[in-house]
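The values are calculated or read from the model by the stated rules, or taken from the named source; none is laboratory data. It should be emphasised that the depicted structure is a prediction, and the values quoted were computed from it without experimental measurement. A quick note on method: Cβ atoms are made from the backbone with ideal geometry, for glycine too, and the neighbour counts reach across all protein chains shown.
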Amino acid sequence: MSFRSKYGTIYVTAKHAVTGLTKAAAIDHAQDGIRVNAAAPGLTETPMTQMWKDNPEVWNEVVSNVPMGRAAKPEEIAEVVVFLSSDAASFCNGYIYVADGGQVAH
């Protein structure tokens with residue numbers, strides 16, 4: 001059984017919950033000067049994905065779903081969070097910033 005089929009429902013539900021919470025909190029707190037945004041990373045090299053990376057056949061299949069042909073480094077996702085936390089994003093509120101190497105566009 002693949003990771004996706006075993007945990008897909010839980011994973012997708014959690015992603016939707018983050019989106020809903022981000023948007024609701026952004027509306028609730030906008031007048032307080034509080035911005036609420038979220039990063040939605042795609043495939044990222046983390047301890048969770050190491051089990052796939054350790055198996056070249058599985059890793060190649062997983063990476064083949066990413067138009068950029070690779071996984072993100074954690075630092076690349078951190079840069080999204082830094083941007084959303086910065087004054088450069090001062091008018092961004094309730095935004096889900098997708099950093100997925102083009103998977104959503106795929």
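Looking at segment 95-106, is at least one residue of a type in the set (Val, Ile, Thr) and at pLDDT below 95? The answer is yes; a qualifying residue exists.
Scanning segment 13-38 for residues being at pLDDT below 95 and either under 11 Å from Asn93 (Cβ atoms) or surrounded by 14 or more Cβ atoms within 10 Å (Cβ to Cβ) (or both) gives a total of 0. Checking Asn65, Asn60 one by one, the residue that is of a type in the set (S, T, N, Q), within 22 Å of His16 (Cα to Cα) and surrounded by fewer than 17 Cβ atoms within 10 Å (Cβ to Cβ) is Asn65 and no other. Contact map, segment 94-106: first residue under 14 Å from Thr19 (Cα atoms), second residue surrounded by 14 or more Cβ atoms within 10 Å (Cβ to Cβ) and charged (D, E, K, R), Cβ cut-off under 7 Å, separation 6 or more or different chains; pairs are Gly94/Lys23.
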